[in-house]
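The values are calculated or read from the model by the stated rules, or taken from the named source; none is laboratory data. Keep in mind it's a predicted model, so treat the numbers as computed, not measured. In this analysis, Cβ positions are derived from the backbone assuming ideal geometry, glycine residues included, and neighbour counts consider all displayed protein chains.
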Ligand SMILES: [Zn+2]
């Protein structure tokens, strides 16, 4: 099927924006990873590859990629104990920069406490930890402008953790997530995998919390919709603020061959808007593209049963609309 000239520009623009968001590296040269144009023919790291599937469509399929867009956010990982610290910057799914700091162990000498009283010796050690935490945070600031990091994952010894927390600017304090199951002596790959799993968990929990909120709001006649038909209707009325899909979402319906209007259920004799021919279609991709083109925030759950049972999709609306007004908009 050839898409209409009206429908194609909207989808291709949205596709290009999504690709740019997911794949094209941000500008700004760095010593470790200079800005470079992406070669689309070369293999790219995909930390969470989409499932294999074969489907034909007049436009690029993006649902299986955009649902992992959260995993391409920029974040920092800090591993620190009183002897050394390692800082990583992860951007677009790959470690982009790394800084290692090592400190000499000046305070535990063969002379024990160096003849000092215990409180004095403890104050001395505390001062060292404070200095090292300060140095770690300063280097973190050099590696990445704080506002650019979406998360700061930390694996640190108790003393360093507390001191770093004091030194961090307030913008980054809110983004700090301690990785409690990891140890500062764990190898790099284990630390980075742990941070990635934490990112996945945060993204999934955010989507599930939104889905739960939508399910509560949607009944009865609240500021939300669940299921493909009411959600699509709200989307086409430009009512949707946030949209949550489950990874298993599928929607069968129809698409107008001229104006691109979408509908669920049986194929009508003609499009209710322009009276042109309507064609049977899988609407999952159309819904994602339409939402993205409207600037709607998208969230994805993975096999979240309450949402799957409600039709696999739900939307939080910008405003409540009465059934009378809804009829007037949807015709
Ligand atoms: Zn039409």
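In summary, residue 62 fulfils each of the numbered conditions (1) modelled with pLDDT of 80 or more; (2) touching a helix residue (DSSP H, G or I) at 6+ places or on another chain (Cβ under 8 Å); (3) not assigned by TED's automatic domain parsing to the domain that holds residue 282 with the single exception of condition (3). Residues in the stretch 74-89 that are in contact with a helix residue (DSSP H, G or I) (Cβ under 7 Å, 6 or more places away or on another chain) and farther than 12 Å from residue 139 by Cβ were compared, and the one that is modelled with the lowest pLDDT is 82.
Tally up the residues in the stretch 150-187 that are assigned to a helix (DSSP H, G or I), more than 20 Å from residue 82 (Cβ to Cβ) and either modelled with pLDDT of 90 or more or out of contact with any helix residue (DSSP H, G or I) (no Cβ under 6 Å at 6 or more places or on another chain) (or both), please. Before you say what the answer is, go through the steps one by one.
Within the stretch 150-187, the subset assigned to a helix (DSSP H, G or I) is 158-167, 170-173.
Still in the list and also more than 20 Å from residue 82 (Cβ to Cβ): 170-173.
From the residues that got through so far, the ones that are either modelled with pLDDT of 90 or more or out of contact with any helix residue (DSSP H, G or I) (no Cβ under 6 Å at 6 or more places or on another chain) (or both) too are 170, 173.
Within the stretch 150-187, residues that are assigned to a helix (DSSP H, G or I), more than 20 Å from residue 82 (Cβ to Cβ) and either modelled with pLDDT of 90 or more or out of contact with any helix residue (DSSP H, G or I) (no Cβ under 6 Å at 6 or more places or on another chain) (or both) number 2.
So, in the stretch 266-291, of the ones that are within 29 Å of residue 302 (Cα to Cα) and part of a strand (DSSP E or B), which residue ends up nearest to the ligand (Cβ to nearest atom)? Checking each candidate, the answer is 281. Reported count of residues in the stretch 220-236, each being within 16 Å of the ligand (Cβ to nearest atom) and in a loop (DSSP other than H, G, I, E, B), is 0.
Looking at 147, 110, 132, 67, which one is surrounded by 19 or more Cβ atoms within 10 Å (Cβ to Cβ) and either at pLDDT below 70 or farther than 27 Å from residue 183 by Cα (or both)? Steps first, answer last, please.
Details: 147 fails: surrounded by 19 or more Cβ atoms within 10 Å (Cβ to Cβ); 110 fails: surrounded by 19 or more Cβ atoms within 10 Å (Cβ to Cβ); 132 fails: either at pLDDT below 70 or farther than 27 Å from residue 183 by Cα (or both).
After ruling out the rest, the residue left standing is 67.
Just one of the numbered conditions (1) more than 16 Å from the ligand (Cβ to nearest atom); (2) under 13 Å from residue 233 (Cα atoms); (3) crowded, with 22+ Cβ neighbours inside 10 Å; (4) at pLDDT below 95 is not true of residue 263: (1). Summed over the stretch 266-282, residues that are buried (at least 20 other Cβ atoms within 10 Å of the Cβ) and at pLDDT below 90 total 1. Considering the stretch 242-260, and only residues there that are assigned to a loop (DSSP other than H, G, I, E, B) and within 13 Å of the ligand (Cβ to nearest atom), the residue that is nearest to the chain's Cα centre (by Cα) turns out to be 260. As for the stretch 233-252, it holds no residue that is without any contact (Cβ under 8 Å) to a residue 60 or more places away in the chain and crowded, with 16+ Cβ neighbours inside 10 Å.
For residue 93, state whether it is at positive phi and modelled with pLDDT of 65 or more. Full working, then the answer.
Numbers: at positive phi: yes; modelled with pLDDT of 65 or more: yes.
Yes.
Going by what's in this entry, would residue 197 be described as surrounded by fewer than 15 Cβ atoms within 10 Å (Cβ to Cβ) and on the phi < 0 side of the Ramachandran plot?
On the way: surrounded by fewer than 15 Cβ atoms within 10 Å (Cβ to Cβ): yes; on the phi < 0 side of the Ramachandran plot: yes.
Against the criterion (surrounded by fewer than 15 Cβ atoms within 10 Å (Cβ to Cβ) and on the phi < 0 side of the Ramachandran plot), residue 197 qualifies.
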